[in-house]
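The values are calculated or read from the model by the stated rules, or taken from the named source; none is laboratory data. This is a predicted model, so every value here is computed, not measured. Quick reminder, even Gly has a Cβ in these numbers, built from the backbone with ideal geometry, and neighbours come from all protein chains shown.
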Amino acid sequence: MRVHRLIAILLLIESRGKMKASELAAALETSARSIYRDIDILAEAGLPMVTTTGPNGGISLMEGYTLNLRQLNGDEVVHLYLTGMGFHSGQQGESGLQLKNALLKLEKTLPEAFQADIRKAKSVFHFDHTPWWNERPAIPCLERLRSALWRSLKIRVQYSKVNGAGSSRTLQPYGLVVKQGEWYLVGFCESAEDLRTFKCERITAAELLEEDYDIPADFSLEAYWRGRENIFKHNSRAAEYYPVVIRLNQPCPKAVSRLELLSVTAEQEAQILTVNMYSYEQACDKVMALPIGIEVLQPVVLREYIREKSLLLQKLYT
């Protein structure tokens, strides 16, 4: 929504005093022409916007005029920024309260021309971050992790592995990543002497240490995450490989589109497909949901499972 960009312009000008249109355009990923149009709208709404030319020129508010946006503290601005990126850490905890407080302050300071936009946005948009059938797991230490990262302080954590084994680690947080609602901490583990990725919900306790650290200048959180993501996908594909050969006696495009296709060959009036079903257990579930027109040819153990399952079903329903 355009009102978001108008708020961002006000925040930037209020905090920095004066900015060039090109600087605002770069920060907000839009064109200088769009920035000038937005400035005209703000001026028409009654805000005393001043535009000056020359090397020291830029866009500012009239001297002595303030929107009181500086009343927002650092944490509130951070939460506004994270929420704008889609990082929702929970509406009931400390983060949710800080976010609501920041939005209330912004709403009170904006001109009346934008109040209607905000009221409409609040009434017609609702973000529900919870899954359908179960609640997201609690992340008890998220605020402490975020604080350690923001303040560049080391943190000692208690971490629980998948098998339930626990360990104590001293970390240098390099970044937080949200993937499909799951939070991950990327940090340098001093005991392993290497970068590691930790699932935040498995961090059961965290203690901030009064010891700072520096993130290497050449470190890129996005590049690191993309690299680890590709390695994880590659390893997962290698570990979860269970080829199943099926015969299509009649077209079943919808069913086939849901399968990972490995190869296709023709056989008279039918098609022979090799698909990956990842494991025997997953294959047992998938084949029983296939349409009647699809026959499993290989592996034999899977054909035997279908035969036995079909006999049991026949016995139950006759």
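Brief remarks on what is shown
- Filter pass, VAL296 being exposed (fewer than 13 other Cβ atoms within 10 Å of the Cβ) and among the β-branched types (Val, Ile, Thr): no
- Restricting the stretch 135-157 to residues that are in contact with a Leu (Cβ under 8 Å, 6 or more places away or on another chain) and of a type in the set (Gly, Ala, Ser), the residue that is modelled with the highest pLDDT is ALA148.
- For the stretch 1-55, taking the residues that are among the acidic types (Asp, Glu) and under 32 Å from the mean Cα position of the chain (by Cα), the one that is modelled with the lowest pLDDT is identified as GLU14.
- Residues that are over 10 Å from LEU290 (Cβ atoms) and small (Gly, Ala, Ser) were ranked within the stretch 245-264; the one that is surrounded by the most Cβ atoms within 10 Å (Cβ to Cβ) is SER263.
- The combined condition, being over 18 Å from the mean Cα position of the chain (by Cα), assigned by TED's automatic domain parsing to the domain that holds TYR159 and part of a helix (DSSP H, G or I), is not fulfilled by ILE215.
- Hits in the stretch 299-318 - residues which are surrounded by 13 or more Cβ atoms within 10 Å (Cβ to Cβ) and within 20 Å of TYR241 (Cβ to Cβ): PRO299, LEU302, ARG303, TYR305
- The residue pairs whose first member lies in the stretch 300-318 and is outside the structural domain of GLU281 (by TED's automatic domain parsing), whose second member is aliphatic (A, V, I, L, M) and surrounded by fewer than 11 Cβ atoms within 10 Å (Cβ to Cβ), and whose beta carbons are closer than 8 Å, counting only pairs six or more residues apart or on different chains, do not exist in this structure.
- Hits in the stretch 47-65 - residues which are part of a strand (DSSP E or B), at negative phi and not β-branched (Val, Ile, Thr): MET49, SER60, LEU61
- Comparison of GLY54, GLY58 shows that the only residue that is in contact (Cβ under 8 Å) with a residue 40 or more places away in the chain and farther than 11 Å from LEU6 by Cα is GLY58.
- 1 or more residues over 34 Å from the mean Cα position of the chain (by Cα) and not charged (D, E, K, R): qualifying helices (runs of 4 or more DSSP H) within the stretch 220-318: 300-316
- From the list GLY293, GLY227, the one residue that fits, being of a type in the set (Gly, Ala, Ser) and in contact (Cβ under 8 Å) with a residue 40 or more places away in the chain, is GLY293.
- Flag for ILE203 being surrounded by 17 or more Cβ atoms within 10 Å (Cβ to Cβ) and in contact with a Cys (Cβ under 6 Å, 6 or more places away or on another chain): yes
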